[in-house]
Structures are given as structure tokens and as C-alpha cells.
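Novice: Please find one structure pasted underneath; my questions will follow.
Where a number appears in this text, it was derived from the coordinates with a stated rule and is not lab data. Just so we're clear, the structure is a prediction, and the values are computed from it rather than from any experiment. Cβ atoms come from the backbone with ideal geometry, glycine included; neighbour counts cover every protein chain shown.
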Amino acid sequence: MKIDMLGTGAAMIDPDRAQSGILVTLDNGAKYMFDCGAGSVHNMVRANSSPAEVGVVFLTHLHHDHICDFPLFAINGWMYDRTDSPIVLGPKGTKHFCDHLFEGGAFDSDFRARSAFPRRQTNLAAVRPDIREVSPGLAYEDDDVRIYCDFVEHIPREISECFGIRMEAEGKVIAFSGDTSPCDNMVKLAKNADILFHECTFPESFIEFRSKSGTGTHAHTPPTALGKIAVDAGVKSLVATHFGHFESTNKSLQKAAEHHMPVEEMGPHVMDEVVQDIRRSYKGPLQMAYDLLRIDL
Ligand SMILES: [Zn+2]
Ligand SMILES: [Zn+2]
């Protein structure tokens, strides 16, 4: 299989990283997408895949940086001639989110205008997603894959459930954390995984500043803790992702970030600190994700 990193950034608009998105393509061509943040669908096409080819989308949670591109994914799937409904897996609230997008929803005018053409009426299923709100355990299976999920710890559950994922396919195991603070459920999901994609949003040196800022109180995983998670889970390789803009030198982004990050310390050098902190405990294969990183597994 191959895995394309479609987006490796976090919640702010970042000229160097799209928001969260991972595309898994099996050797038989079946495609599965984890998260659909802003920019991820553009990067999908850059990676020579199309929304019409993706059978299943798993939204780990309903923060905008994980779902923003879903309307674009569905409408362009329609325009790229997908014939069936995309299967959408996600937490409680996923149905509410999707039900308010297309017919009768935010994009109703687009739907009515575009569906006036006979050709577009032949595949309306593309914008009528098959939504399945999932619970911990086996979330999805077909002839090729099994996808398990469990709660991770990121947002209070009454606001949005947040899921981590374990996918088994072609005799391999892929795990993806979504967004989370360090938690046992993610270690279990990642147990002996061939590859773990885990969020690593803020470096250790930014966390104290952030804790005093009154912004971004949602929980994430510091690099030192990520190294321990990879060791505890016994993963064969680790990809850190969902980087919270700490390396950016973009002036607009830095201005917006000044209330919750030490702007004078931002820059590409911070990634070295992140690697060193992961390496305090984890010594195995490690990649720091970037957009359009392709991994063959
Ligand atoms: Zn996020
Ligand atoms: Zn989040």
C-alpha cells in the first residue's frame, strides 16, 4: 500500500502545511481517507488521486481542521464523476454536520444549480453520503480492511467525541491518533503497528507559554510523551504530524499566533528540538511529516 500525507498542519491557516489529512491506497487501488482538513483535497489531486476514488472517509473529530474540506471532497467527487455515495465514518455529530451541507443545507444553491444539468443528475449519490456514526470497537470492514477506533482525549466528550484509529490491511497495521493528549487507548490502538501517525502539535518549550495564554486549552501530545507512546506501543515506525505552526516564519501567521505562542522563538529550528525530545525514548524509524510525503508500506 501507499500512504500520502495530504495535510500535516493544525488549526491555523499555514502557507506551508494543509490541515489534517491522510490517504491510504491499497495495492488493489482501494482508497481510504483519514480526516479532511482544509487543503487536503487539493493535495489529494496533487498526489494524483481524486475524491471520486475514495470509498471511505473517517473524520476523527469535528474540529474544523479535520473536516473543513469535506464539502469540497463531496462536491468535487460529484464533479469527478463518482457514481456511489462516499461512506463517512465519524463521531456523534457527523450526521448533523453532513445533513446541513448539501440538499437543503449550506451548499443548497450549488446543489440546485449544478443538479439542474442532466449529466449531474446521474450521480447524485456522490453528494448523498452514507454516514455512519461510530462507537469504540470495529468501525468498518470490507474485503480488504478492518478499521478499529477508540476514544482519545482531546475535547470534552460532550462537545465532540474524538477517535484514534487502527487500520488492518494487506497484513499490515496502520495507526492514526487524530488529535489527543497522551492516552492509554492510543497506545492500545497502536500496539505493534507497522506505522503510527501521531499528532505532535506543540514543542515542549511552547507548552508553558500556551498554558498561561488562555487560548488553545484543548489537549495535545508533547514530543517527549510521543516518544514514550511509540515505545510503549512497540510500533515499528513513527510519523509525527499535525504540527502547530511553531516552525512558521510567515508574518501574518506569527501575528495571529502571538497571544498563544512565543513568536520570537518560532522558526524551522524548533523542529530539531521536537526530534530530540521524541528521541529521548524512541530510537526506531522516525519521520517528521510534510505535505505530500509519500510512504510505501
Ligand atoms: Zn487538529
Ligand atoms: Zn482537534
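Novice: Given the conditions (1) out of contact with any Ser or Thr (no Cβ under 9 Å at 6 or more places or on another chain); (2) surrounded by fewer than 24 Cβ atoms within 10 Å (Cβ to Cβ), and given that D16 satisfies all but one, which numbered condition is not satisfied?
Specialist: (1)
Novice: Within the set of pairs 6+ apart or on separate chains, which have a first residue in segment 62-82 that is in contact (Cβ under 8 Å) with a residue 60 or more places away in the chain, a second that is assigned to a helix (DSSP H, G or I) and buried (at least 24 other Cβ atoms within 10 Å of the Cβ), and C-beta atoms under 9 Å apart?
Specialist: Once the first residue is in contact (Cβ under 8 Å) with a residue 60 or more places away in the chain and sits in segment 62-82, its partners that are assigned to a helix (DSSP H, G or I) and buried (at least 24 other Cβ atoms within 10 Å of the Cβ) give L62/T94.
Novice: What about A52, is it touching a helix residue (DSSP H, G or I) at 6+ places or on another chain (Cβ under 6 Å), within 16 Å of ligand 1 (Cβ to nearest atom), in contact (Cβ under 8 Å) with a residue 12 or more places away in the chain and among the hydrophobic types (A, V, I, L, M, F, W, C)?
Specialist: Values: touching a helix residue (DSSP H, G or I) at 6+ places or on another chain (Cβ under 6 Å): yes; within 16 Å of ligand 1 (Cβ to nearest atom): no; in contact (Cβ under 8 Å) with a residue 12 or more places away in the chain: yes; among the hydrophobic types (A, V, I, L, M, F, W, C): yes.
The answer is no for A52.
Novice: Another question, if that's okay. State which residue is farthest from ligand 1 (Cβ to nearest atom) when the search covers only segment 186-196 and only residues that are more than 21 Å from L6 (Cα to Cα) and surrounded by fewer than 17 Cβ atoms within 10 Å (Cβ to Cβ).
Specialist: N192
Novice: Tell me the strands (runs of 3 or more DSSP E) entirely within segment 107-202 that contain at least 1 residues that are on the phi < 0 side of the Ramachandran plot and touching an Asp or Glu at 6+ places or on another chain (Cβ under 7 Å).
Specialist: Working: elements: 130-133, 137-141, 145-151, 163-169, 172-176, 195-199.
By residue number, 145-151, 163-169, 172-176, 195-199.
Novice: Among the residues that make up segment 64-77, is at least one of them over 26 Å from D296 (Cα atoms) and among the small types (G, A, S)?
Specialist: Taking segment 64-77 and keeping what is over 26 Å from D296 (Cα atoms), we get 64, 68, 71-72, 74-76.
Checking the rest, the ones that are also among the small types (G, A, S) come to 74.
Yes, there is a match, as at least one residue in segment 64-77 is over 26 Å from D296 (Cα atoms) and among the small types (G, A, S).
Novice: If you don't mind, another one. Give just the number: which of (1) buried (at least 19 other Cβ atoms within 10 Å of the Cβ); (2) in a helix (DSSP H, G or I); (3) β-branched (V, I, T) does V57 not satisfy?
Specialist: (2)
Novice: Something else now. Find the residue count for segment 19-49, including only residues that are assigned to a helix (DSSP H, G or I), in contact (Cβ under 8 Å) with a residue 60 or more places away in the chain and either surrounded by 21 or more Cβ atoms within 10 Å (Cβ to Cβ) or within 16 Å of ligand 2 (Cβ to nearest atom) (or both). Spell out how you get there, then give the answer.
Specialist: Of segment 19-49, the ones assigned to a helix (DSSP H, G or I) are 40-46.
Going one step further and asking which of them are in contact (Cβ under 8 Å) with a residue 60 or more places away in the chain, we end up with 43, 46.
Checking the rest, the ones that are also either surrounded by 21 or more Cβ atoms within 10 Å (Cβ to Cβ) or within 16 Å of ligand 2 (Cβ to nearest atom) (or both) come to 43.
Going through segment 19-49 one residue at a time, the tally reaches 1.
Novice: I need a count of the residues in segment 114-151 that are in contact (Cβ under 8 Å) with a residue 40 or more places away in the chain, of a type outside the set (A, V, I, L, M, F, W, C) and surrounded by 18 or more Cβ atoms within 10 Å (Cβ to Cβ).
Specialist: 4
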